[in-house]
Amino acid sequence: SLPRARNVGAKMARGEVVLFVDDDIIPLDDHLIAAHAACYVNPLVGAVAGRVLEPILPNAPEGIAHVNAFGRIVSNFLGVTPAEVATAKGANMSFRHRVLAEVGPFDDRYEGNSILEETDYCYRVRALGSDIRFEPEAAVHHLVAPTGGCRESRWLDAKYWLFRNSALFYMKQKPRI
């Protein structure tokens with residue numbers, strides 16, 4: 001599963017910052033890693049949400065990324081202005097290695113399409129007092145490939161995992177929403 005893969009990567013990582021990207025991204029330029037790393041000059045930053053250019057339109061104004069009271073992800077990762085956000089998009093996000101150790105593993109109960117696994121993790125990061133910074137200079141093109149990764153090929157399966165993972169997120173994070 002995606003959360004288990006992230007846990008293996010985090011456990012094997014040796015650097016001060018761990019960058020996670022999807023299998024269907026292309027960095028916008030040569031500055032992806034440097035842009036992520038530059039944000040960690042601020043000691044309060046525990047995670048960085050990079051810019052994600054994709055065909056999926058945002059459902060929020062620039063600088064917004066959180067889950068609303070109805071459990072819906074409200075986000076805009078297409079913006080060009082740095083901002084503090086509540087969550088990152090798994091296609092392009094990084095964490096201080098120390099923060100990963102403090103928060104613990106990604107929750108591998110997020111299965112199927114793993115919807116909300118990164119948001120759950122980011123809410124746990126913020127609960128420990130770390131900031132999450134949206135950095136538009138850390139940009140990728142997200143191809144949103146029709147196959148690969150953790151996509152569900154059947155519509156009904158995708159809906160099942162959406163609702164199941166949303167219920168898990170809500171039960172875990174209800175006090176923080």
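The values are calculated or read from the model by the stated rules, or taken from the named source; none is laboratory data. As the structure is a computational prediction, the values presented were derived from the model and not from experiment. Note: ideal-geometry Cβ built from the backbone for every residue, glycine included; neighbour counts use all protein chains shown. To get the accessible areas, we keep the full protein, side chains included, count just its heavy atoms, and leave off ligands, DNA and RNA. Shrake-Rupley method; radii C 1.70, N 1.55, O 1.52, S 1.80 Å.
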Condition check for ARG4: open to solvent by 50 Å² or more (accessible area, probe 1.4 Å), assigned to a loop (DSSP other than H, G, I, E, B) and among the basic types (Lys, Arg): no
Some residue of the stretch 122-138 being assigned to a loop (DSSP other than H, G, I, E, B) and under 19 Å from VAL8 (Cβ atoms): no
Test: PHE77 is touching a Lys or Arg at 6+ places or on another chain (Cβ under 6 Å) and either modelled with pLDDT under 95 or buried (at least 23 other Cβ atoms within 10 Å of the Cβ) (or both): yes
Some residue of the stretch 84-98 being open to solvent by 50 Å² or more (accessible area, probe 1.4 Å) and touching a Leu at 6+ places or on another chain (Cβ under 9 Å): no
Filter result (open to solvent by 20 Å² or more (accessible area, probe 1.4 Å) and either closer than 26 Å to VAL17 by Cβ or not in a loop (DSSP other than H, G, I, E, B) (or both)) within the stretch 46-57: ARG51, LEU53, GLU54
Members of the stretch 16-42 that are farther than 12 Å from ARG133 by Cβ, part of a loop (DSSP other than H, G, I, E, B) and not aliphatic (A, V, I, L, M): GLU16, ASP22, ASP23, ASP24, ASP29, ASP30, HIS31
Restricting the stretch 73-127 to residues that are basic (Lys, Arg) and in contact (Cβ under 8 Å) with a residue 40 or more places away in the chain, the residue that is nearest to VAL18 (Cα to Cα): ARG96
Every residue from the stretch 58-69 that is closer than 14 Å to PHE134 by Cβ, in a loop (DSSP other than H, G, I, E, B) and free of Cβ contacts under 8 Å to residues at least 40 places away in the same chain: PRO58, ALA60, PRO61, GLU62, ILE64
